[in-house]
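As structure tokens, the structure follows; a few thoughts come after it.
What follows is calculated from the coordinates using simple rules that are stated; it is not laboratory data. Because the structure is predicted, anything quoted here is derived from the model rather than measured. Note that we place each Cβ from the backbone using ideal geometry, even for glycine, and neighbour counts take in every protein chain shown.
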Amino acid sequence: MTSAPLSQDAFRREVDRRLIDSFSLMLALGLRNRSSVWKRVEAGTLVPPVIRISHTVAFWDRDAIPELSRQEGG
């Protein structure tokens, strides 16, 4: 089954909606620092990021984090 490619605008909207960086994730989960985010990943209580570049940039899929989908009423 093949899927139709998204337009650039649709892709941009979906990326803006779904990708969340470590700082924004920290704030959304009510954590005090980014190392708390990584401790959750290491403990297995938070899914790993979908994109990780070195040790400086990481992005998670907002839809894969149950705590965030509950906050949004999903």
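A compact table of results
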read-out: Debye, to nearest 20: dipole size of the range 19-71, +1 on Lys, Arg Cβ, -1 on Asp, Glu Cβ; value: 180
read-out: Extended-chain gain in nm, criterion 0.36 nm per residue less alpha-carbon gap, residue 11 and residue 33; value: 4.9 nm
read-out: Solvent-free Debye scattering, log10 I(q)/I(0), computed from the Cα coordinates of the range 19-71 at q = 0.14, 0.20, 0.21, 0.31 Å⁻¹; value: -0.29, -0.63, -0.70, -1.57
read-out: Under the Karplus curve 6.51 cos²θ - 1.76 cosθ + 1.60, θ = phi - 60°, whole-Hz ³J(HN,Hα) for the range 5-11, x wherever Gly or Pro sits; value: x, 6, 5, 4, 5, 5, 4
